Amino acid sequence: MANNRKAMNKNAEKVAEKMYDPSDYQKNDQLSKGMAVTHEQVSDDYTEGTIDGAIDEVDDNGNLKNHHGKDISNKRN
């Protein structure tokens, strides 16, 4: 149990210390892919500035297919 907790703490520290790097888009490890996706989402949100933008199309692995995705519905129920 203690070894499992140490491993979890080590992984948490790795995530906490990670900063976005443009090369994250080319890397295949889970942390770098997550940073690249998060950067893309923040960048899209900052650039679009509204909720009526379009979502990029990605494949099952989260890799970008194209920038011609679905429009975001802004209808409220």
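Readers should treat all values here as calculations from the given coordinates under stated rules, not as data from a laboratory. Here the structure is a predicted model, which means the values were calculated and not measured.
Annotations
- In plain terms, if you count all Cα to Cα distances in the range 2-50 and split them into 10 Å steps from zero, the share in each step is 24, 39, 26, 9, 2 percent.
- Remark on Val58: its backbone amide H falls under 5 Å from those of Lys65, a criterion applied only to residues 5 or more positions apart or on other chains, H modelled at 1.01 Å from N.
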